Amino acid sequence: MSNGKLGIWVLTALVVGNMVGSGIFMLPATLAKAASPAGVLLAWGVTGLGVLMLALVFGSLAIRKPTLKGGPQAYAKELFREGTRRSDLAGYMVAWGYWAANWAGNVAIITTFASYLSTFFPIMTSSATWFRLGGFTVTVGHGLTFLVCTALLWGVHALIMGGVEGAGKVNFIATAAKVLGFVFFIGICLFAFEKSNLLPLFQPRAASNGTPLGLFGQMNNAALDTLWAFVGVESAIVLSSRARKARDVKLATLFGLLIALAIYVGITLLAMGALPQHELMNTDKPLIDALDHVIGSAGGYVMAVLGLISLTGSAIGWILLSAEVPYQAARDNMFPRWFLKTNRRGAPKASLIVTNLMAQVLIFSTLSDSMAGAFNFVITLATLSYLLPYVVASIYHVALVVRGETYAENPRGRVVDGIIAVLATVYSLWVVKAGSADLKTFLLGVAMLVSGLVFFPLVPKSDNRPEQRPFSSEVGASSSARP
């Protein structure tokens, strides 16, 4: 991590940690309900291939357009004529949506941390009344959850403000421990693996309306769950300005994807082999139940510890990544210049403060069940904003190929990249369609993006571009995850 820049393995850890979050602990059961073993394996294959196309697009853009920092928001801006207000608006909307979505995503990580912590402190689930304020009652469990979530949020804030590089080192350790923990799980479950639990490979499953699903119907059903497992594959490109070399961004994205895919498929396959299908479909703790078959009741505590380690790294990485988005956008005249403020250690001070204040507002949802419903509504709003960057990056790469830009010296590479970019575009459009399948979710996502127009007048025009300042040398790494 010399000179505050991120090397290939730190970037790889960022990508792996970003994708492999707490959601993996429930994923085998979720997939078992959606499809039979054959459908699940096909879903991983199709989703993995689609995300590989996206990873190749991100990697190619990192090398061909190394001056575009910050990821998809910069690509959105480049889709329009330089210096126009439409260009500014396109970049701003992608940055705004992704940033705002991360407020809710960060709180999802933090509240999940509190949930895992309750394994060791059952009082955090107590329904006893703590205090009343008018007609509003706060239980002991809700109050303690709120305090734990607040402490984690601002503890991570203080860590990052003390130096991004130091925070990155803590995050790197957490990611390494997480990967080793999952490798341990895979190794242990090999002893409980029963091939008969996977047979027959094709078994009956039904859609939500009761209609029987064929093999490809099951695959599509499961793919709706597997696609969320790869949110975060864009992490290295978002932090590309902090990388030592543009090539490191491409390799880290590819290595990170392959490592994450191996973990996902390994855990899914071994959980299916350790538990009968009917049991896997009905459990709310599949990894714990799988471990119980081998090491007994200690499995729950092992998974809880692994979850806490995983979520600590996730919180550090995603909060840092979230603050980076408006900071980089401000450098490219897509956000108000106020977000350029850093502290003496190079941390994006202004961006980090606003990001965490918005997260704190959402953490208040932990104080009551009715407020938690409002938080779930915000998560629905954020769906489209998480997926839009994939479409933008893919379309931008198609535009580069069509124009022949950057391909003067290697026309053969243009054909290959064109095929990859088109496949990535098709996949990313399917991801948006599947991820916001019902009209309500899609329209709410559009509403969230449009709400950002209120602040767009504060964005300076491109013809009045501020001087590009170099990064501080106090810059480091992070790895993170979404639940």
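Here are some notes:
- ³J(HN,Hα), Karplus 6.51/-1.76/1.60, whole Hz, each residue of the range 52-62, x for Gly, Pro: 4, 4, 5, 4, 5, 5, 4, x, 5, 5, 4
- Burial ranking of peptide ranges 448-456, 234-242 (average Cβ count within 10 Å, highest at the top): 234-242, 448-456
- Spacing of the two label points (7 Å from each Cα toward its C-beta) at Ala38 and His278, in nm: 2.1
- Signed unit charges on C-beta, dipole axis of the range 9-459, positive-most listed residue Val392, His142, Ala62: Ala62
- Principal axis extents of the Cα atoms in the chain, from largest to smallest and rounded to whole angstrom, are 63, 61, 46.
- Note on Val183 and Thr129: with the Förster distance fixed at 41 Å, the Cβ-Cβ geometry gives a FRET efficiency of about 0.40.
- Pairwise alpha-carbon distances in the range 103-167 exceed 15 Å for 60% of all pairs.
- Taking amide H as placed 1.01 Å from N in the peptide plane, Ala243 has its amide H under 5 Å from the amide H of Leu6, each at least 5 places away in sequence or on another chain.
- Peptides 270-276, 8-14 ranked from most to least packed, by the mean per-residue count of other Cβ atoms within 10 Å: 8-14, 270-276.
- Summary value for the range 277-357: 18 percent relative contact order, contacts being C-alpha pairs under 8 angstrom separated by 6+ residues.
- What the phi angles of the range 27-40 give under the Karplus curve with 6.51, -1.76 and 1.60, with θ = phi - 60°, is a coupling list of 4, x, 5, 4, 5, 5, 6, 7, 7, 6, x, 5, x, 5 Hz, glycine and proline written as x.
- Sorting 206-214, 113-121 by their mean Cβ neighbour count within 10 Å, with the most densely packed peptide first, gives 113-121, 206-214.
- Dipole magnitude (debye, nearest 20) for the chain, charges at Cβ of Lys, Arg, Asp, Glu: 1340
- Based on Cα atoms of the range 247-306, Rg over Rh with Rh as the Kirkwood radius reads 1.15.
- Equivalent ellipsoid semi-axes - Cα gyration tensor, the range 146-305, angstrom: 34, 22, 17
- Distance between the C-alpha centres of the range 257-334 and the range 157-236: 6 Å, rounded to the whole angstrom.
- Semi-axis lengths (Å, descending) of the ellipsoid that matches the C-alpha gyration tensor of the range 1-144: 38, 25, 18
- Between Leu429 and Asn343, the simple label model (points 7 Å from Cα in the Cβ direction) yields a spacing of 4.6 nm.
- Across the range 9-459, the mean sequence separation of Cα contacts (distance under 8 Å, 6 or more residues apart), normalised by length, yields a relative contact order of 33 percent.
- Which listed pairs, of Lys65/Lys178; Lys5/Lys77; Lys169/Lys250, have C-alpha distances above 23 Å, in listed order: Lys65/Lys178; Lys5/Lys77
- Whole-Hz Karplus values for the range 311-325 come out as 6, 5, x, 4, 4, 4, x, 6, 5, 5, 5, 4, 5, 5, 4 Hz, taken residue by residue from phi with 6.51 cos²θ - 1.76 cosθ + 1.60 and θ = phi - 60°; glycine and proline positions read x.
- Debye equation applied to the C-alpha atoms of the range 308-450, log10 I(q)/I(0) at 0.09, 0.18, 0.20 Å⁻¹: -0.43, -1.20, -1.24
Laboratory data are not the source of any read-out in this text; all were calculated from the coordinates shown. Since this is a predicted model, take the numbers as computed values, not measurements. So basically every Cβ, Gly included, is an ideal-geometry build from the backbone, and we count neighbours across all protein chains shown.
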